Amino acid sequence: MLNVDKLNQFYGESHTLWDLSLDVPEGECTCVMGRNGVGKTTLLKCVMGEVAVKSGSLRYDGDTELTRKRIEDRSRLGIGYVPQGRQIFSLLTVEENLCTGLAARRDKQRGNGRRKIPERIYELFPVLKEMRHRRGGDLSGGQQQQLAIGRALVLEPRLLILDEPGEGIQPNIVAEIGEVIRKLNREDGMTVLLAEQKLPFVRKFADRFVILDRGRAVAKGGVDELSDDLIKQHLTV
Ligand SMILES: Nc1ncnc2c1ncn2[C@@H]1O[C@H](COP(=O)(O)OP(=O)(O)OP(=O)(O)O)[C@@H](O)[C@H]1O
Ligand SMILES: [Mg+2]
């Protein structure tokens with residue numbers, strides 16, 4: 001679904017991603033792991049076009065080279081993004097927040113009566129339906145994260161990218177989010193790429209992992225290959 005090959009990225013003079021290669025297979029959940037500051041967000045931003053790539057390729061869906069596409073093309077190609085820190089609109093209601101996602105829907109779905117919030121989102125997150133008239137800023141952190149995911153799902157993406165969805169959220173909601181990711185994979189056939197440092201979450205909900213260390217991919221494989229040794233070496237502080 002997504003093939004990252006020898007990606008190099010710089011912030012000014014600072015070389016942040018080094019010859020980074022990884023594969024995100026269709027219909028699976030792939031998790032990017034690594035300590036703070038190793039480049040997880042930078043990698044996801046490269047995929048979203050929010051930061052420029054120096055060299056390397058980002059091949060999507062077989063033959064689309066993302067590095068040559070504009071930022072706004074991502075949503076039309078079916079890539080949804082939940083940024084780190086959620087970034088919902090605190091003064092808008094839940095429903096209005098979800099509607100902001102509609103603006104990014106692919107052209108073919110416009111104008112044929114489909115410009116409304118897909119019922120699937122309320123099915124996956126019943127709390128968003130209950131609270132649809134509340135302001136985003138009045139929700140708990142966990143509910144805001146669910147809203148941010150809901151907003152990305154409005155465009156019915158084929159690839160969903162999430163940056164640390166479990167950060168600063170109570171464990172029961174993190175588990176609910178994991179279950180939603182599993183449903184998206186299994187029932188909707190959606191491909192998921194996420195950054196996450198929470199090990200139990202990764203072990204339970206991801207199919208494969210990639211560990212980054214100072215901008216390089218130092219280990220990758222199926223989650224069953226995520227050994228205690230790797231964790232000690234690259235993940236514990
Ligand atoms: N806009 C920026 N300008 C310059 N340097 C940056 C910028 N954003 C990030 N960096 C640096 O790039 C490196 C990678 O940052 P990044 O945010 O990708 O890490 P991360 O793995 O997502 O960390 P975290 O787990 O804290 O979210 C860090 O050293 C960071 O300080
Ligand atoms: Mg980050």
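The values are calculated or read from the model by the stated rules, or taken from the named source; none is laboratory data. Because the structure is predicted, anything quoted here is derived from the model rather than measured. Positions of Cβ are backbone-derived with ideal geometry, glycine not excepted, and every protein chain shown enters the neighbour counts. For accessibility, only protein heavy atoms count, side chains too; no ligands or nucleic acids. Shrake-Rupley method; radii C 1.70, N 1.55, O 1.52, S 1.80 Å.
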Note to self: Just the residues that are small (G, A, S) and either more than 7 Å from ligand 1 (Cβ to nearest atom) or free of Cβ contacts under 8 Å to residues at least 40 places away in the same chain (or both), please, taken from the range 31-41.
What the structure shows: G37
Notebook entry, point to check: Could you give every pair whose Cβ atoms fall below 6 Å, whose first residue belongs to the range 222-235 and is closer than 12 Å to V202 by Cβ, and whose second residue is in a loop (DSSP other than H, G, I, E, B) and modelled with pLDDT of 90 or more, counting only separations of at least 6 or pairs across chains?
Noted result: V223/A206
Checklist line | Residue list for the range 4-37, restricted to those being open to solvent by 10 Å² or more (accessible area, probe 1.4 Å) and touching a Gly at 6+ places or on another chain (Cβ under 9 Å) | finding: D5, K6, N8, H15, T16, W18, D19, S21, E26, G27
Check: Which of the residues that make up the range 186-215 are open to solvent by 20 Å² or more (accessible area, probe 1.4 Å), away from ligand 1 (no atom under 12 Å from the Cβ) and either out of contact with any Lys or Arg (no Cβ under 8 Å at 6 or more places or on another chain) or in a loop (DSSP other than H, G, I, E, B) (or both)?
Finding: R186, E187, D188, G189, L199, P200, R203, K204, D207
Check: Yes or no: L44 of a type in the set (A, V, I, L, M, F, W, C), under 21 Å from G178 (Cα atoms) and within 16 Å of ligand 1 (Cβ to nearest atom)?
Finding: yes
Check: Just wondering, is there one or more residues in the range 158-167 that are modelled with pLDDT of 90 or more, under 18 Å from A195 (Cα atoms) and open to solvent by 60 Å² or more (accessible area, probe 1.4 Å)?
Finding: yes
